[in-house]
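Data first, discussion second: the structure below is written as structure tokens.
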Amino acid sequence: MVAASELRSALTVLVIAAILFIVAPAVIETYTLTVLIIYGMLALSLGLIWGFGGILCFGQAAFFGLGAYTYAISAINIGESTVPFVLGIAVPAAFAFILGAMLFYGRLSDVYLGVITLVVTLIFFKFMNSTAGPEYVIGNARLGGFNGIPGFQTLNVPGDPGSYIYDVDYYWFCVVAILIVYALVRWLLASPFGRIAVAIRENETRVELMGYDVRIRKTVLFSIGGGIAGLSGTLFANWAEIVTPGMFSLAQSAEIIIWCIVGGLGTLVGPVIGAMALAYLKFLLGQQSLVDNMMLLGLILTLSVLFLPRGIVPSLGTLLARAMPKRRRKRQHHRRPRRDAEESRGEVLDG
Amino acid sequence: MASILETRGLTMQFGGVTAVDNVDFKLQRNELRCLIGPNGAGKSTFFKCLTGQLKPTGGHVFIENEETTGWDPHAVSRLGIGIKTQVPSVMDGLPVRENIWLAAYRTHGRERARHATDSAIERLALRDIANTAVGRLSHGERQRVELGIVISMEPWLILLDEPAAGMTGEEVARMAEIIGELNADAAIVVVEHDMQFIRSIAKKVTVFNQGRILVEEDVDTVMNDPRVRDVYLGKKV
């Protein structure tokens, strides 16, 4: 019963999202839409490990930037894009695994975890900024310091380096990518691994006393989050056709957290919507010079924390449930006792 | 008869304070043992050394002839030991059924987890609230949920830290009944304050005082021991 309703809600989200992605190019340029999707995926990666795993990582940008740099460097060295693409996911995932293992096996508390992930991001940022000299090369790729790395092979049809996937085709590529990632993450969360991950978020001690090794489970989840962030970094590199140290910046890290908070933690759709909406707003605001961009972003965060503390998506869910309470109550009446009818309100849009 | 749980010279120091001092303890198969003692006697610290939540600073813990000193809690639990902590340790954001399923899944695997979950829910009369988030339940109900988590793992050794704390009289009686039932298949160690409750379940009682075992006798002898009364009233022995 649980599995069937899970499947139905996941499919509903996928179908609605697909329709929206088909319609959206009529309103917004595909070039802009593409980067919105990429940011959405980046937010999804943090939404997974923070919202479901309870791991607040202040340095999700580290994996984002690492994915992009891995892709760029290996694309220059290899030429054809298939292997670099895979590396752009695998390297950040492996790095997250090692970092996570140190954090979780070291039993660091949440605060230290936040600080360390933040510092790791800053180290990447500082280091990449200082690699302008010609001695900083990996194979044929110069790291380029604050100028970043331009001019690498962008995504091509596997096996055919001459036929690039770009422009509208690249938009569709990203659409399919985020839908697949979303479906996989939903599947992961419905699996025992995901259910145990949520239980760890709720009460780590209890899960340990049940006999589960919490450390390895958190490490694996953290690594999956790192891999997804790496994928979005790889996609970003292909979209921008240049990678710069700015991807590792503090502002980038903070933005991901803001996307998640505004969109709604504890859901997957929330962070994606938060990221796309805020990034688009930032894009629109970037075309004027009257108000400072960061100030408005801060204002939005403050207002949303004050008035929608659970985020946009969960609040919308509550509203929707209130708008049609009769149907829900009726359906529940013979299935469950009254007591938890209120409970399931507000969870309509969850996921 | 061989003991299934044994400590030799178990010691736990926090800085200069010795909370558990050189304790030798033995538990037989299918035994029901109560640990009592005044506040700060070291019962809960002793308990946490058994479960792996604390690493003892000295001495040894053996479970079924295997030395488990310093093991992590999950490894101790995997030996088939059900543990209930002092403050109900449950997943507040998740429904009762999910709480119990997670425990059952670890022990029984996917196929049998559902059945084990259902029978634990039945046994503890949790059916009406099976789909309610645990955070919305009363204290007594949460205690029952945690017990459900423990019994769904079908342990052969159960460690309960203050199972009757904060419960109503009726609930305490029900808890005593459940513990009696569980004792048919498992050895049980109960850490408890409530003398009334102890009297209703106990056979053999170990009294802790200042980190050491003061007396270890059957329940009636312990209750009539003037030393036990004295430590409970705060007098020096």
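Bear in mind these aren't lab numbers, they're just calculated from the coordinates by the rules spelled out. Small disclaimer: the values here were computed from a predicted structure and weren't measured. As a convention, Cβ positions derive from the backbone with ideal geometry for all residues, glycine included, and neighbour counts pool all protein chains shown.
Please give the average number of partner chain Cβ atoms lying within 10 Å of the Cβ of each residue in A:83-95, rounded to a whole number.
The per-residue average across the peptide is 0.
Which ³J(HN,Hα) values in Hz, rounded to whole numbers, follow from the phi angles of the stretch A:156-171 under the Karplus curve 6.51 cos²θ - 1.76 cosθ + 1.60, where θ = phi - 60° and Gly and Pro get x?
Running phi through 6.51 cos²θ - 1.76 cosθ + 1.60 with θ = phi - 60° gives 10, 4, x, x, 10, x, x, 9, 7, 9, 8, 6, 5, 4, 5, 4 Hz.
Scan around B:Val191 for amide H atoms under 5 Å from its own, H built in the peptide plane at 1.01 Å from N, and keep only partners 5 or more places away or cross-chain.
Amide H neighbours of B:Val191, under 5 Å, 5+ apart: B:Leu35, B:Leu160, B:Asp161, B:Glu162.
At 7 Å along the Cα-to-beta-carbon direction for both A:Leu20 and A:Leu7, put a label point, then send me their distance in nm to one decimal.
Placing both labels 7 Å along Cα→Cβ, they lie 2.5 nm apart.
Take the alpha carbon gyration tensor of the stretch A:146-226, find the square roots of its eigenvalues, order them as a ≥ b ≥ c, and report rounded if a/c is under 1.5; if not, report prolate when a/b exceeds b/c, else oblate.
The shape class here is prolate.
Per-residue Cβ counts within 10 Å, from other chains only, averaged over B:99-112: what number is that?
Shielding by partners across B:99-112 averages 3.
What number do you get for the stretch A:2-249 when its Cα radius of gyration is normalised by 2.2 N^0.38 Å, N = residues?
Here the Cα radius of gyration is 1.05 times the empirical estimate.
What is the distance in Å between the Cα centroid of the stretch A:44-113 and that of the stretch A:199-238?
If you average the Cα positions of each part, the centres end up 11 Å apart.
For a protection proxy built on the mean count of beta-carbon atoms within 10 angstrom, sort B:134-147, B:27-40, A:164-177 highest first, please.
B:134-147, B:27-40, A:164-177
For chain B, what does the equivalent ellipsoid look like in terms of its semi-axes, each the square root of 5 times an eigenvalue of the Cα gyration tensor, given largest first in whole Å?
29, 21, 16
Based on the mean of other beta carbon atoms within 10 Å per residue, what is the order of B:197-204, A:19-26, most packed first?
Result, highest mean first: B:197-204, A:19-26.
Would you mind putting B:64-71, A:219-226 in packing order, based on average other-beta-carbon counts within 10 Å, highest first?
My ranking of the peptides, most packed first, is A:219-226, B:64-71.
How much length would be gained if the chain were fully extended between B:Asn224 and B:Trp156, taking 0.36 nm per residue of separation minus their Cα-Cα distance, in nm to one decimal?
21.3 nm
Once Rh for the stretch A:170-288 is found with the Kirkwood sum over Cα pairs, what is the Stokes-Einstein diffusion coefficient at 4 °C and 1.567 mPa s, in µm²/s?
79
Shape verdict for the stretch A:92-203, please, from the Cα gyration tensor: rounded (a/c under 1.5), prolate (a/b greater than b/c) or oblate.
oblate
Dipole size in debye (nearest 20) for chain B around its Cα centre, Lys and Arg Cβ +1, Asp and Glu Cβ -1?
That gives a dipole near 340 debye.
From other protein chains only, count the Cβ atoms within 10 Å of every residue's Cβ in A:197-206, then give the mean.
Shielding by partners across A:197-206 averages 6.
Which aspartates and glutamates have a Cα less than 12 Å from the Cα of B:Lys55, not counting those fewer than 8 places away in the same chain?
B:Asp72
Could you compute the net charge surrounding B:Pro56? Neighbours are other residues with a C-beta less than 15 Å from the C-beta of B:Pro56; K and R count +1, D and E count -1.
Net charge around B:Pro56: 0.
Once phi is turned into ³J(HN,Hα) by the Karplus curve 6.51 cos²θ - 1.76 cosθ + 1.60 with θ = phi - 60°, what whole-Hz value does each residue of the stretch B:141-151 show in order, with x for glycine and proline?
Once rounded to whole Hz, the list reads 5, 5, 4, 5, 4, 5, 5, x, 4, 5, 6.
5 Å is the cut-off here: which amide hydrogens, built 1.01 Å from N in the peptide plane, fall below it relative to B:Val215, excluding neighbours closer than 5 in sequence?
B:Val207
Putting +1 on Lys and Arg Cβ atoms and -1 on Asp and Glu Cβ atoms, find which of A:Gly54, A:Phe124, A:Ala141 reaches farthest to the positive end of the dipole of the stretch A:2-249.
A:Gly54
Can you tell me what share of the DSSP beta bridges in the protein assembly as shown is antiparallel? A percent to the nearest 5 is fine.
Approximately 60 percent, going by the DSSP bridge assignments.
Sort the stretch A:1-134 into rounded, prolate or oblate with this rule: let a ≥ b ≥ c be the square roots of the eigenvalues of the Cα gyration tensor; rounded if a/c is under 1.5, and if a/c is not under 1.5, prolate when a/b is larger than b/c, oblate otherwise.
It is oblate, given that a/c is not under 1.5 and a/b is not larger than b/c.
From the phi of every residue in the stretch A:38-44, what ³J(HN,Hα) in whole Hz does the Karplus formula 6.51 cos²θ - 1.76 cosθ + 1.60 yield, where θ is phi - 60° and glycine or proline is x?
Taking θ as phi minus 60°, the curve returns 4, 5, x, 5, 4, 5, 4 Hz for the stretch A:38-44.
Under 10 °C and 1.306 mPa s, how fast does the protein assembly as shown diffuse according to Stokes-Einstein, given a Kirkwood radius computed over C-alpha pairs? Answer in µm²/s, whole number.
59
Would you grab the residues whose amide H sits under 5 Å from the one on A:Asn156? Only those 5+ places off in sequence or on another chain, please, with H modelled 1.01 Å from N.
Here the answer is A:Ser81, A:Ile165, since their amide H atoms fall under 5 Å of that of A:Asn156.
Rounding to the nearest 20 debye, state how big the charge dipole of the protein assembly as shown is about its Cα centre with +1 on each Lys and Arg Cβ and -1 on each Asp and Glu Cβ.
1200
In whole angstrom, how far apart do the alpha carbon centroids of the stretch A:298-321 and the stretch A:246-268 sit?
A separation of 15 Å, based on Cα centres.
Hey, if you put +1 on the Cβ of every Lys and Arg and -1 on every Asp and Glu Cβ in the stretch A:2-249, which of A:Pro161, A:Ile28, A:Trp187 ends up farthest toward the positive end of that dipole?
The residue sitting most towards the positive pole is A:Trp187.
How large is the dipole of chain A about the Cα centre if only Lys and Arg carry +1 and Asp and Glu carry -1, each at its Cβ, rounded to the nearest 20 debye?
1840
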